[in-house]
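Down below is the structure, laid out as structure tokens.
Bear in mind that the values in this text are calculations on the coordinates, not laboratory data. Everything numeric here is computed off the predicted structure, so don't read it as measured data. No Cβ is skipped: glycine too gets one built from the backbone with ideal geometry, and neighbour counts run over all protein chains shown.
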Amino acid sequence: MLTGTFLDEISHDIPAANWGAREWARDFQAMQQVGIDTVILIRAGYKNQATFPSRVLSQIHPILLVQEDLIQLFLDLAQQHGMVFFLGTYDSGVHWHQGQYQQEVDINLALADEVWGRYGQHPAFQGWYISHEINTFDEGVMQVYEQLARHLSDFKKLPILISPYIRGNKQFAAAITLRQHEQEWEQVFSRIQGLVDIVAFQDGQVDYHDLPAYLALNGRLARKYGLTSWSNVETFDRDMPIKFPPIAWPKLRYKLEAARQAGVDKLITFEFSHFLSPNSVYPAAHHLHERYREWLLKS
């Protein structure tokens with residue numbers, strides 16, 4: 001079963017729900033009812049959008065778009081519902097894509113200091129999520145991971161999560177083979193061993209018949225390098241001509257059962273509130289929620 005979810009209200013490719021405290025409280029209750037015990041803020045900010053009124057980000061972006069202090073809201077709701085909260089870092093949307101890796105690091109170091117000062121003593125704050133996603137070895141992003149992970153660990157030893165993706169044929173014409181994927185992630189894990197604690201590969205970029213082999217390989221590599229292996233079970237559908245509707249239930253059930261057979265340590269999703277919630281802006285998500293709850297009762 002899914003026991004964790006990302007929280008995505010600072011997005012670049014799915015629409016905002018425009019929820020306030022009342023709507024979020026209702027959704028946390030729905031999460032709790034299906035066994036979710038871990039919530040992960042996917043990013044503290046993206047470009048000129050932020051989840052709280054950040055002094056650091058306002059110096060970079062004079063026009064900083066902030067709805068309210070979502071981090072405080074999420075922390076309080078997580079504590080109220082017996083969940084742990086992972087705080088996601090900042091994605092400039094610019095620097096690391098242009099090879100300016102140190103600029104990306106420097107902003108994140110300053111932001112980490114700020115959020116730890118504001119929220120670090122909250123009892124629900126139990127982990128970090130480094131939001132920069134890669135699909136193969138990237139020397140520049142290794143520097144981001146290494147510097148940022150060391151800095152985050154200096155505050156307090158909390159688990160650090162990453163959620164990379166597979167360079168699969170659903171996204172790339174030049175898709176990677178299973179053997180190439182293994183070689184690339186041997187390099188990545190050898191660099192972040194001892195710095196990053198948990199890896200949750202996204203599961204939606206490869207064909208369904210190939211997924212079991214990738215799940216098994218990812219788990220084996222994680223264990224080899226001392227990382228905990230989660231799976232990020234995508235509850236949106238990559239097979240449709242639009243971005244992104246809730247996934248069809250048979251596809252989700254297949255991925256859940258494949259992850260279980262692979263012995264994954266924990267299943268999380270991107271993401272409950274948009275694609276699996278009875279409160280979602282998508283009516284199809286309401287029905288997916290019902291099919292999922294029926295499956296839970298049978299499992």
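Going from the alpha-carbon gyration tensor of segment 96-216, what semi-axes, largest first and in whole Å, does one get by taking the root of 5 times each eigenvalue?
Working: eigenvalues 166, 53, 31 Å².
With the √(5λ) rule applied to segment 96-216, the semi-axes are 29, 16, 12 Å.
How big is the chain along each principal axis, measuring the range of its Cα positions in Å and listing the largest first?
Computed over the chain, the largest-to-smallest principal extents equal 48, 46, 35 Å.
So for each of 37-45, 154-162 I average, over its residues, the number of other beta carbons within 10 Å; can you give me the resulting order with the highest mean first?
Peptide ranking by packing, descending: 37-45, 154-162.
How much length would be gained if the chain were fully extended between Leu297 and Ala173, taking 0.36 nm per residue of separation minus their Cα-Cα distance, in nm to one decimal?
Using 0.36 nm per residue and subtracting the Cα-Cα distance, I get 40.6 nm.
Averaging sequence separations of C-alpha pairs under 8 Å and six or more residues apart, then dividing by the length of segment 2-298, give the relative contact order as a whole percent.
Normalised by residue count, the contact order of segment 2-298 is 17 percent.
Skipping prolines and chain starts, which residues have an amide H placed within reach, meaning under 5 Å, of the one on Gln49, given they are 5 or more residues away or on another chain?
Distant-sequence amide H within range of Gln49: Leu65.
Percent relative contact order of segment 1-73, based on C-alpha pairs within less than 8 angstrom and at least six residues apart?
The normalised contact order for segment 1-73 reaches 33 percent.
Output the antiparallel fraction of DSSP beta bridges having both residues in segment 160-283, as a percent to the nearest 5.
5 percent
Using the Karplus equation 6.51 cos²θ - 1.76 cosθ + 1.60 (θ = phi - 60°), what ³J(HN,Hα) coupling, rounded to whole Hz, does each residue of segment 100-112 give in order, writing x for Gly and Pro?
9, 5, 5, 4, 4, 5, 4, 4, 5, 5, 5, 5, 4
Calculate the FRET efficiency for Leu65 and Asp154 from the Cβ-Cβ distance with a Förster distance of 45 Å, rounded to the nearest 0.05.
About 0.90, to the nearest 0.05.
Quick one: go through segment 258-299 and flag any residue whose amide nitrogen is under 17 Å from the point 7 Å out along the Cα-to-Cβ line of Ile242.
Label zone hits: 274-276, 280-288.
Skipping prolines and chain starts, which residues have an amide H placed within reach, meaning under 5 Å, of the one on Phe236, given they are 5 or more residues away or on another chain?
Ile247, Glu271
Output the antiparallel fraction of DSSP beta bridges having both residues in segment 1-151, as a percent to the nearest 5.
The antiparallel fraction comes to roughly 10 percent.
Determine ³J(HN,Hα), in whole Hz, for all residues of segment 52-58 in sequence, where each value follows from phi through the Karplus function 6.51 cos²θ - 1.76 cosθ + 1.60 and θ = phi - 60°; x replaces Gly and Pro.
Karplus values, whole Hz, x for Gly and Pro: 7, x, 7, 5, 4, 6, 5.
From the phi of every residue in segment 194-205, what ³J(HN,Hα) in whole Hz does the Karplus formula 6.51 cos²θ - 1.76 cosθ + 1.60 yield, where θ is phi - 60° and glycine or proline is x?
Those phi angles translate into x, 10, 9, 9, 10, 10, 10, 5, 5, 10, x, 9 Hz.
Please work out how much length the chain gains when fully extended from Arg260 to Gln98, using 0.36 nm per residue of separation minus the C-alpha to C-alpha distance, in nm with one decimal.
54.5 nm
Taking the Cα centre as origin and putting +1 on Lys and Arg beta-carbons and -1 on Asp and Glu beta-carbons, what dipole magnitude results for the chain, to the nearest 20 debye? Mind showing how you got there, number by number?
Values: 26 positive and 34 negative charges, 121 e Å.
Dipole of the chain, to the nearest 20 debye: 580 debye.
What lysines sit close enough to Lys298 to cross-link, taking a C-alpha to C-alpha distance under 20 Å and skipping anything fewer than 8 places away on the same chain?
Lys251, Lys255, Lys266
Quick one: plug the Kirkwood hydrodynamic radius of segment 159-275 (C-alpha pairs) into Stokes-Einstein at 10 °C, 1.306 mPa s, and report D in µm²/s.
110 µm²/s
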